Each structure stands twice: as structure tokens, then as C-alpha cells.
Amino acid sequence: MKLIDLRSDTVTRPTQEMRRAMFEAEVGDDVYGEDPTVNRLERTAAAMLGKEAALFVPTGTQGNQVAILTHTRRGDEVIVEAESHVFYYEVAGIAALAGAQTRTVAGNRGAMEPAAVKAAIRTPNVHFPTTALVCVEQTHNRAGGCIVPMENIRAVAAVAHEAGIPVHMDGARVFNAAVALGLPVSEVVAPVDSVMFCLSKGLAAPVGSMLVGSAEFIARARRNRKLLGGGMRQAGVLAAAGLVALESMVNRLAEDHANAQTLAKGLLAIDGLTVDLETVQTNMVMFDVLDPRWDGELLAGALSKAGILCGATGPRRVRLVTHKDVATSDIPEALERIAAVVPAGPGASGERRTY
């Protein structure tokens, strides 16, 4: 039985072209600024996003945390959307590393109301922390890969900039947003001051993310990357795969989006499941189980025994993520297996509920 891994686009494996580029990469010591492949990757990323400079980092989380360290001082406050990755999934790094606190603003599918952001910005007061940064996310992970509308990003950035506050975008999947919107990625990130994006998700590089911004910001960020242990040496071996990702893997993200649409519509036809099709905007599908015999964790476990790897994101919610290693021909097979598991109910394949 073929395993269909829909847990995340982080499970993508490098292409043969990437492996070949890694093998042949010209390298040097990147901490000395002497790795030509890393330098080329950083120039390429900055140019694609329309920013002055870029920094290669090992992970998206480190990229976000380096950005926050660079934008803030200890005791500052960072405005974040309440379900955002930097708040929810980065091990309280804003507090632990930057010594800053978060102020959450509830969003609608990841989009914060500009008026709510404006209200959250601190006025000068000896009792208050200083609002030093606003963070946005594009696409929004916990909203199921929804695209935060460009008009919202522009309006939130305008509110922040009016108050003299920079805006950082967690753009882990920003290329998914750009492809879905039919816009150059530089236009998607134009309103913000810094952006982190991942090479290792839908773009399929094995390791790495990029942080982009002004030349002055990146110079300071480079020091903070070193502080967090991210100063790699002959990193061109990894950067070579990132270059292939940027040069050849962006446009094919549309295939993942199309597969997600097919998957979502098929799930909606299965008794006991429901999907909000309006939220299926890129490569993620969130579905809810209505059958009271199931919960999210139990169903994800049963599906894994049927060769469908996925994950629960809530008490009754399961997430599926399409990517380059899930072929269009895999989608009908996945739906067939899910349709066989759900109506049977827990216990049909030996599942046991544990408490």
C-alpha cells in the first residue's frame, strides 16, 4: 500500500536537480561572507522580493526570531495575530530570546482589523511597554492556508508605519500566496519592512529559509543569527538547493493548489465530514468530523493505518497539506481510503480510544 503523506509540505524531498546542485556547489566560509553560493542565493532572494538584502537561515522559526530580535529591545511589545505562528508555535521565543512580550489581536482567517491594531499600539506612558513591531502572516497556517487580503496587509502596515512601527511578515508560504493571487511576490511583500520565507516547504528544498529587508536591517540581523547559533560555514551545499527552489519550483505550486481543491470537494462528499471550501485557497485543507464516534486525533490515527498521514489541529479538525510529492493521481486514492475509514467508525480497524 502506497503511503500518501499529507501531514505537511515540510515532508517534501529534494529534487534530483537539487541533489546535483548540492553535490557540485561551490563553497566557502559563510560566516566570513566567502561562500559564493550562499551569496548568490541571498542576492536572488532579495531581488525576487524587491528588498535590498537577504540572509540565509537554517529554519523559518529562526528567521522569525532573528527578525524580532533585530526589530526590538528587551521590554518592548510585539503585536501579533492571536493564532499566528510566531505566537502559537515558536516556543515563546519572543519572550525567551528577545525579552519582549506579545499583545494579541484576534483576526478573521488571519487578518487583523486595522482599527484593532491601531488600538493595540501603546501610547507613551511610564507604565507601558513600547510597541516596537507588528507581525503579520501570509499565508496563515492555523487559518488553513488562507491568504490575508492584500488590502488588509496594506492597511495594517499603514497604521503601524504612521506610528513609526515596522512590520514583519512571517511569509513561510508567501510564494503560495503570490501564485494564488497571480501577483509577483515582490508586490505581496511590498507593504512590510522585513519578510521571512521558507525554502523547505512547498518549494521543496531540504533545509533553509530566507530573511529579507533593508541592507541596514540585514546587517544587524546577521549578528543576531550568529547569536542564535545560525552562522553556518560551507553552507553553499544547502544554499544550492535553495537556488534551484527559487528558480524552478515556484510556478508548480499551482498544482498543489489544484490538488487541494479536488481533495476538499471530495471530502465534502463523504458522510460525516465537512469542509469550508472558502478557506481552501492554497495547499491546505481543513476538514471537521461530524460523526460523534470520532475526534480529530482518533481519526488521524485511523487514517494513518490506512496509509494516509495527516494531523489533528483541533478537537474535531484534521489538516491535509498537498505538495510536490503528492501526485494528482494520489488524490482519488486518498479520498477512497478516507471514505472507507470514516463511515466504519472507531474500532473497525482495531483503533482504541485512550484517555
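Where a number appears in this text, it was derived from the coordinates with a stated rule and is not lab data. Remember, it's a predicted structure, so these values are computed and weren't measured experimentally. Every residue, glycine as well, gets a Cβ built from its backbone with ideal geometry; the counts of neighbours run over all protein chains shown.
Taken over region 34-57, the criterion of being part of a loop (DSSP other than H, G, I, E, B) and surrounded by fewer than 19 Cβ atoms within 10 Å (Cβ to Cβ) is satisfied by E34, G50, E52.
Filtering region 67-102 to residues that are under 20 Å from R225 (Cα atoms), surrounded by fewer than 18 Cβ atoms within 10 Å (Cβ to Cβ) and not basic (K, R) leaves Y89, V91, A92, A95, A96, G99. Residues that are among the small types (G, A, S) number at least 3 in the following strands (runs of 3 or more DSSP E) confined to region 241-355: 311-314.
Would you say M1 is over 15 Å from E247 (Cα atoms) and among the hydrophobic types (A, V, I, L, M, F, W, C)?
Details: over 15 Å from E247 (Cα atoms): yes; among the hydrophobic types (A, V, I, L, M, F, W, C): yes.
Taking the combined requirement at face value, the residue satisfies it.
Just one of the listed residues (A264, A312, A302) is in contact (Cβ under 8 Å) with a residue 12 or more places away in the chain, farther than 18 Å from S8 by Cβ and not basic (K, R), and it is A302.
Tell me whether region 162-172 contains one or more residues that are more than 18 Å from the chain's Cα centre (by Cα) and buried (at least 17 other Cβ atoms within 10 Å of the Cβ). Give the steps one after another, and end with the answer.
Narrowing region 162-172 to residues more than 18 Å from the chain's Cα centre (by Cα): 162-166.
In the following step, the residues that additionally are buried (at least 17 other Cβ atoms within 10 Å of the Cβ) were identified as 165-166.
Checked region 162-172: at least one residue is more than 18 Å from the chain's Cα centre (by Cα) and buried (at least 17 other Cβ atoms within 10 Å of the Cβ).
Scanning region 8-33 for residues that are under 26 Å from the mean Cα position of the chain (by Cα), surrounded by 14 or more Cβ atoms within 10 Å (Cβ to Cβ) and not in a helix (DSSP H, G or I) returns S8, T12, P14, T15. Restricting attention to region 93-114, the residues being more than 16 Å from M150 (Cα to Cα) and assigned to a helix (DSSP H, G or I) number 4.
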